[in-house]
Structure formats: C-alpha cells, structure tokens
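This report concerns only the one structure given below.
The values are calculated or read from the model by the stated rules, or taken from the named source; none is laboratory data. This structure is a prediction, so every number in the text was calculated from the model and none was measured. A quick note on method: Cβ atoms are made from the backbone with ideal geometry, for glycine too, and the neighbour counts reach across all protein chains shown. Just the protein is used for accessible areas: all its heavy atoms, side chains included, with ligands, DNA and RNA removed. Shrake-Rupley method; radii C 1.70, N 1.55, O 1.52, S 1.80 Å.
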Amino acid sequence: MSSVPLKGIPETFAGADVFITGGSGFMGKVLIEKLIRSCPDVGRVFVLVRPRRGKSPEERIAELVMVPLFDKVREMHPENIQKIVPICGDCSELKLGLDEESVKRMENVQFVFHAAASVRFDDPLEKAILLNTRGTREVILWAKTLKSLKAVVHISTTYSNPEIFEIEERIYPAKMDWRKAIEMAENVDSEVFQTMSQKLTGFAPNTYTFTKGLAEQICNDYHKELPIVVFRPSVVTNTEEEPVHGWIDNFNGPVGLLVGMGTGLMRTGYVNLNNRINCIPADVSIKAMIIAAWKKANEGPGQLTVINSAAEVHKTADYNFLIYDARYVYYRHPMTQVLWAPGGTHAPCKYVYYLLFFLYQVIPSLFLDLALKARGKKPFLLKLQRKVFDAQMSLKYFTDNEWVFKTDNFRNLAHDLLESDRETFSIGLHSDDTIPAAKEKLKRLLMINKIAKGLFFALLAYILYKTVYVPYFA
C-alpha cells in the first residue's frame, strides 16, 4: 500500500454510508450481510432496487433479509438490519433512474459497490450494453458527484476477455469503443442492432462477457478521477464458512451441474473432462472485495487496481471429478426430490451427445410429462430439458477451454490486513495444501502396489512351475 492505514476495516467503514447495486443478487446479499455484521458501526447501506409491480422497495428488502444468510446478523446485531435502505432505481436507465430526493439522500456516500449486471449469456446485445456497460457509466458519473467518496468497486468477471487464456490483473485492449457501443444501443433499431451483434462483438462467445469487457474500459478511462477497483471473481459458488456453511440461492456454474445430475434430470453431457473449472466461494470473494475497498480508500485515485478473485490451479477441480467422483455424494447424501437414479453417460462427441440427450433425457421427460398431464398436473419436464440443453450449449465455449488467472493482487490483499482484521476478513481458501503432494504419493504407492502384486504372482507362477509342472512332466 502506498500509505500505512491508521484504521482497520470496521473503523474505516464506521459511520460511512455505502451504496450497492445488484444487492438483490447472490453476491449482493452476501456483501450486505458481511458489511452490517463485521462492520457493525457502518452508516446506512443504500441498496438500489428496481420497482416491481405489487411490491414496494421496502417489501423487497424485507423479503431479501428473510433468508438463512441473515440469521447470524439477526443474532449478533439485529438493529443493523434497519441500516439497509432501499433506493428505487434501475441501472439500465439514465442517471440510474434516481429521483432528486434519492440523490440528495445519498450525497454523503463514501463507498460504492457496483454489482448489478445481467448474467444471462443469451441477452440481446442492446439490453446487455444498456445494463452492463451504460449502467457502469451511469454509476461512475453519479459517483463523481460524491464529495466524500473513498472507493468505487466495480464487480466484473475473470472472463471479461475470454479469448485470452492467461489472464493478468490488468486492463486489456478494447474490442470496441464503449461510447460508440452505448450510442448504437440507444439509437439503432433493436432488430437491426441484433443482426449486427456478431460482427460488432467480434464473434464473442456471449453478450455478457463482451459488455463486461466494455465496462472495464469505462473504469480505465475514469480511474484518474475516481478511486476505482475492478474486481473480477471467477465462477462464484456457495459460501465456504460464513455466515453459514454452503449457502447459495442459485443453480449457476457447477452447482447446476451437480444438482441436475443428483436429481437424475441430467443423464448425459459433452465437456472436456480434463479441463479444470475455477471456482471461488462467495464469502471469500466478498471479504476480498471489502478489503480492496478499504485498501483503495487509503490509496486514493490515480492508479487503477485490477484484482482477479480466483482460486490457484491446485485448488480447482476438473470436470472428471465433478461428473464421476461426485457420484459418491449423490448416494451418500441423496436429494429429496429425485426424478431418476443419479448417473448417466459422458458423450465423446457432439453427435453422440445429441443422440444420448434425446434417448436419455427427452424421451423419458416426454413420458413423465404425459403422466403428469394424465393426473391433471402441469407438465414441465420437456420445457426444463430445453433449458438444460440451451444452458449446455451456451457454456460450451467455457467447458471446451481452460484459463489460468494471475492472482498476485488478490493474494496480496491478505498481506495488507491489519492484525486486528485477519480473523474476520481472512480470504484463505480452507483446503489442505498437502493434498497435491499426497495425491502424487498415492499415485506412487498405487504403482508400487501394482508392481508388487505383479511380482508376487509372477513369483508364485514360477514356484508352481518349478515345483509342480516341471516334476510332473519330467
């Protein structure tokens, strides 16, 4: 750090107002909970929520905190739930859809966490640009009006440049001018714009990664005016240990794969079994995000900080493990709602996958839907299988390839912590570092075991030959 901080993280956030976009999403919820629990003297936590027919912003926040994730904070600091303040707005609108009263109310905000984004891979390019790219510009323009601002943390993704397979903690060259992209999304006819999308994106695997890459360019252009951090998580999974073990509220990433196979819904897949998937627990990534904001508050503007929040290679799993070794989990801890016995067959090529998908998933779902309809219930399995197929196709680029993420800045966050914050904001992945060496040792022992068995049976055969076969035929 360029200067030694005088205050720890809870003290830095004490009395400070915080603004969060995407607060109703998975990471947003974990962030809100961690702030009001581990920084108990934090000021108001403003959460941008979109207007929804039939529910007020207050009702949406009340619903948001009524999940097990917030049980611990209700036990430790129940009064802090009241610090969560809903702000009606929308990141896809100009000026975030904020009215003058809301802008005035938030004029003393010191920390901004921009997590709102559409994570759908199949969103039309226009929609993705207006939310993921223009929304980032609107957050930054609003942040420029804040006189007490200490840090802006933009939550991106390690896959914002998916055509590069070794990702450093830096901004990569722009694929398109973000200003031009926004201008076209605002003015070009939607259907015309969609027909141009492949050409404009350079045939990017999806609109999500493309527009998140553009958003990083905006952060880069404003980093000398504002204290900005570009924070890139890899595939975010369940919480590792806090506030509760294993909490998650979605089926994204490997969780969807495991649930699909565990329920018997998925019977086949077409992935490269040797490729590894980089996952990061939500609580680890959120703690790193807060540390990054605290660190930037002590550094100030001038240099853009880019952080790849990803696991080291030896702490990742390959698809072979997820698909085959995970079967142990299905049978040891079976799910309550299972359509078929867990299992299935991996397809060696896409044509075999199409055939197996039709035989193992479409046909059984058709008969089950007919049975549901005969019982007066609404059929849903064929429709669900369509979603499963579309999801596998949209993820094909990512399952076919493998990335290496440089994480020096991410790992250095732990080194910059004050001693008083090390326990509360530890970002170490709690896996056994001796496992890689143990695996190598196990491989050697298995090989020795095979050789020993081979020698034993060879010796036994030789003895039998000498003592039985030779005398008998002598």
Show me the helices (runs of 4 or more DSSP H) entirely contained within the range 1-104 in which 3 or more residues are open to solvent by less than 70 Å² (accessible area, probe 1.4 Å) and more than 20 Å from Glu242 (Cβ to Cβ).
57-64
Can you tell me which residues in the range 51-85 are under 23 Å from Val109 (Cα atoms) and β-branched (Val, Ile, Thr)?
Ile61, Val65, Val73, Ile81, Ile84, Val85
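Residues that are closer than 30 Å to Cys39 by Cα and among the charged types (D, E, K, R): which helices (runs of 4 or more DSSP H) entirely in the range 261-380 hold 2 or more of them? I'd like the intermediate steps shown before the answer.
Numbers: elements: 282-299, 327-332, 350-357, 363-374.
In the range 261-380, 282-299 are the helices (runs of 4 or more DSSP H) which contain 2 or more residues that are closer than 30 Å to Cys39 by Cα and among the charged types (D, E, K, R).
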Out of all the residues in the range 161-220, which are of a type in the set (Asp, Glu), closer than 21 Å to Val139 by Cβ and open to solvent by 10 Å² or more (accessible area, probe 1.4 Å)?
Asp177, Glu183, Glu186
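Would you point out which residue out of Gln361, Gln337 is touching a residue at least 12 places away in the same chain (Cβ under 8 Å), open to solvent by 20 Å² or more (accessible area, probe 1.4 Å) and farther than 30 Å from His154 by Cβ? If you could, list the steps in order and put the result at the bottom.
Values: Gln361 fails: open to solvent by 20 Å² or more (accessible area, probe 1.4 Å).
Just a single option satisfies the conditions, and that option is Gln337.
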I'd like to know if the range 187-202 contains one or more residues that are under 25 Å from the mean Cα position of the chain (by Cα), closer than 28 Å to Asp390 by Cα and not polar (S, T, N, Q).
yes
Checking Leu384 against (1) open to solvent by less than 40 Å² (accessible area, probe 1.4 Å); (2) among the aliphatic types (A, V, I, L, M); (3) at pLDDT 90 or above, which test does it fail?
(1)
Determine whether the range 108-122 contains at least one residue that is more than 27 Å from Val42 (Cβ to Cβ), touching a Ser or Thr at 6+ places or on another chain (Cβ under 8 Å) and acidic (Asp, Glu).
yes
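Given the residues Glu79, Glu183, Glu101, which is the only one that is within 16 Å of Val47 (Cα to Cα) and among the acidic types (Asp, Glu)? Spell out how you get there, then give the answer.
Details: Glu79 fails: within 16 Å of Val47 (Cα to Cα); Glu183 fails: within 16 Å of Val47 (Cα to Cα).
Glu101 is the lone residue from the list that is within 16 Å of Val47 (Cα to Cα) and among the acidic types (Asp, Glu).
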Hey, can you tell me all the residues within the range 105-137 that are open to solvent by less than 40 Å² (accessible area, probe 1.4 Å) and charged (D, E, K, R)?
Asp123, Arg134
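Say we look at the range 48-85 and pick out the residues that are charged (D, E, K, R) and touching a Lys or Arg at 6+ places or on another chain (Cβ under 7 Å); which of these is farthest from Ile286 (Cα to Cα)? It would help to see each step written out before you state the result.
Looking only at the range 48-85, we keep the residues that are charged (D, E, K, R), and these are 50, 52-53, 55, 58-60, 63, 71-72, 74-75, 79, 83.
Checking which are touching a Lys or Arg at 6+ places or on another chain (Cβ under 7 Å) leaves us with 52, 60, 72, 83.
On the way: Arg52: 27, Arg60: 22, Lys72: 17, Lys83: 19 Å.
Ranking the candidates gives Arg52 first.
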